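The values are calculated or read from the model by the stated rules, or taken from the named source; none is laboratory data. Treat the numbers as computed from the prediction; the structure is a model and nothing was measured. Note that each Cβ is placed from the backbone with ideal geometry, even for glycine, and that neighbours are counted across all protein chains shown. For accessibility, only protein heavy atoms count, side chains too; no ligands or nucleic acids. Shrake-Rupley method; radii C 1.70, N 1.55, O 1.52, S 1.80 Å.
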Amino acid sequence: MERPVDKLELRREIRSARRAIPESERRAASTAIRENLLDRPWVQMAGLVACYWSAEDEPSTHGLVFALWKHGATVILPVLRPDDDLDWAVYDGPDTLAPGRLGIMEPIDTRRGVDTIRTAALVVVPALAVDRTTGVRLGRGGGSYDRALARVGPNVPVVALLHEGELIDGVPAEPHDRPVGFAALPSGIVRIG
Ligand SMILES: Nc1ncnc2c1ncn2[C@@H]1O[C@H](COP(=O)(O)OP(=O)(O)O)[C@@H](O)[C@H]1O
Ligand SMILES: [Mg+2]
């Protein structure tokens, strides 16, 4: 297979590979990722976790969000703003979500502002791919997390959730791209660098 040359092509390739993952496999992958994360003390200890509510063929975060909340963490989830930046609102159980812009589920809680992510002890982000050497993250193309992660301090773990095979070499990087420090895969958690 030829090496993808740009972000658009790489996004297309990964999205098509994701569509081919059977639902049973996706469910098993999501469970494995959740368990790998919940095993880590720095996940268990985080009092405020910025996470996201997964959609479609992403590894599911639904069980992870529920487990964190159940264990007493405060979980904030993104609310996509019209300018593609991310506002944040608190998850307070399964009945506190409603479809937002683009049909993505969002908390019905008050919007707490784009700076709320500054207070997170752990940040869990979606990605289509992560570069295993640089940690550069390929998103869906809105640049929302590049903006949000610019507000996160250097000592806060930022973890991208990936399907197996999505931690790769040669993710194209632009100056605005914000790297992640960890990739969580079904096979384990990889620290970048
Ligand atoms: N800090 C920022 N401020 C404003 N716009 C930004 C910022 N970071 C990224 N963007 C916008 O988001 C667009 C998409 O970014 P890109 O990195 O390709 O997407 P993604 O990170 O979702 O894969 C960029 O072309 C840019 O216009
Ligand atoms: Mg980017």
Point to revise | Shape metrics for the chain, restricted to C-alpha atoms - Rg then Dmax, Å | key: 15.6, 47
Point to revise | Inter-label distance for residue 38 and residue 101, nm, one decimal - labels placed 7 Å from Cα along Cα-to-Cβ | key: 3.3 nm
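Where in the chain lies the longest segment free of GluC sites (Glu not before Pro) that are both loop residues by DSSP (not H, G, I, E, B) and have at most 12 other Cβ atoms within 10 Å?
Values: sites that count: 2, 56.
Free of exposed loop sites, the longest segment is 57-193.
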Point to revise | GNM top mover of 128, 102, 48 - the chain, alpha-carbon springs below 10 Å | key: 102
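Could you compute Rg(Cα) / (2.2 N^0.38 Å) for segment 1-113, with N its residue count?
1.20
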Practice item. Using a 1.4 angstrom probe on heavy atoms only, work out the carbon and sulfur share of the accessible area of the chain in %. Key: 52 percent
Review point. Per residue, how many Å² of accessible area does the chain show with a 1.4 Å probe?
Key: 49 Å²
Check your understanding: Using Cα pairs under 8 angstrom and six or more residues apart, how large is the relative contact order of the chain, in percent?
Key -> 22 percent
Check your understanding: Helix-derived [θ] at 222 nm for the chain: sum -39500 (n - 2.57) over DSSP H runs of at least 4, divide by residue count, nearest 500?
Key -> -7000 deg cm²/dmol
Review point. So, counting K/R as plus one and D/E as minus one, what does the shell of residues with Cβ under 9 Å around residue 192 add up to?
Key: +1
Study note, to complete from the structure: Ranked by GNM mean-square fluctuation in the chain (Cα springs under 10 Å), the top entry among 19, 147, 111 is 19
Review point. Got the relative contact order for segment 86-193 handy, in percent, Cα pairs under 8 Å and 6 or more residues apart?
Key: 26 percent
Review point. Order of 129-135, 78-84 by packing, highest average Cβ count within 10 Å first?
Key: 129-135, 78-84
Review point. Pulled fully out, how much extra length does the chain show between residue 151 and residue 70, if you take 0.36 nm times their separation in residues and subtract their Cα-Cα distance?
Key: 26.5 nm
